[in-house]
Amino acid sequence: YRQEAKLYFQVMAKKVNLELDAIGYRSCTKEIMASNPKWNNELNGWKQYFSQWIQDGKAKDMPDAAVFFDFRCIYGEKILVDQLRTHIRKTLKGNGGFFYHMSRSIAQMKIPARPNHHPMDMKKVLLPVISYIRLYAIREGLGETGSIERAQELFEKKVFSSRLHEELMHAFDFITHLRIR
């Protein structure tokens, strides 16, 4: 039964990825997508991934690993998501090296230049904004995964000043609008 379920979700993931690609959300060149069998795992497998990223994480792994901190329950057993979040919070305690490597990877992100009338990859332009908000959300142990909700909660907790919150939201809205357009 387990193998049958795994195959079902791989086929479904490939279909979803193709449909997203067809409407303009290009497939990830690094294969960080549900259709990659590496990312089809049970709870203990995900706990191992996160433990490794947090405890042994190298700066080069941070951009890819950071994406997975945006997980959420869409359907099914929410308790699995809660258990994984609890595991992550416990693993993060006292692990400043993770935040150091993650913040350095954000600081080293380069905004792509527009090459001779070719469209810019707006996902890459938006990435530093999303990553900055994500870093603070992880540090504060927030359960929110959307950038807008995270930024609002960080503002309410007085982690972000009013000005910083406003600037981040303006940048996020503007770049997202360009990306959709």
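The values are calculated or read from the model by the stated rules, or taken from the named source; none is laboratory data. The shown structure was predicted, so the numbers you read here are calculated from the model rather than taken from an experiment. So basically every Cβ, Gly included, is an ideal-geometry build from the backbone, and we count neighbours across all protein chains shown. Note: areas computed on protein heavy atoms with side chains; ligands, DNA, RNA excluded. Shrake-Rupley method; radii C 1.70, N 1.55, O 1.52, S 1.80 Å.
What to note about this one:
- If only residues of the range 123-134 that are among the β-branched types (Val, Ile, Thr) and within 15 Å of residue 165 (Cβ to Cβ) are counted, the one that is least open to solvent (accessible area, probe 1.4 Å) is 133.
- The listed residues are 66, 113, and the only one of them that is of a type in the set (A, V, I, L, M, F, W, C) and farther than 22 Å from residue 144 by Cα turns out to be 113.
Yes or no, residue by residue, for (1) open to solvent by 100 Å² or more (accessible area, probe 1.4 Å); (2) touching a helix residue (DSSP H, G or I) at 6+ places or on another chain (Cβ under 8 Å); (3) part of a helix (DSSP H, G or I); (4) of a type in the set (Gly, Ala, Ser):
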| position | (1), (2), (3), (4) |
| --- | --- |
| 8 | yes, no, yes, no |
| 27 | no, yes, no, yes |
| 46 | no, yes, yes, no |
| 91 | no, yes, yes, no |
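- So residue 35, is it assigned to a loop (DSSP other than H, G, I, E, B), surrounded by 12 or more Cβ atoms within 10 Å (Cβ to Cβ), in contact (Cβ under 8 Å) with a residue 24 or more places away in the chain and out of contact with any His (no Cβ under 6 Å at 6 or more places or on another chain): yes
- Residue in the range 134-147 that is assigned to a helix (DSSP H, G or I) and over 18 Å from the mean Cα position of the chain (by Cα) present: no
- Residue 66 surrounded by 13 or more Cβ atoms within 10 Å (Cβ to Cβ), in contact (Cβ under 8 Å) with a residue 24 or more places away in the chain, more than 18 Å from residue 127 (Cβ to Cβ) and touching a Lys or Arg at 6+ places or on another chain (Cβ under 9 Å): no
- Tally, over the range 93-108, of residues that are free of Cβ contacts under 8 Å to residues at least 24 places away in the same chain and open to solvent by less than 70 Å² (accessible area, probe 1.4 Å): 1
- Residues in the range 135-181 that are among the acidic types (Asp, Glu), open to solvent by 70 Å² or more (accessible area, probe 1.4 Å) and out of contact with any helix residue (DSSP H, G or I) (no Cβ under 6 Å at 6 or more places or on another chain): 149, 156, 166, 167, 173.
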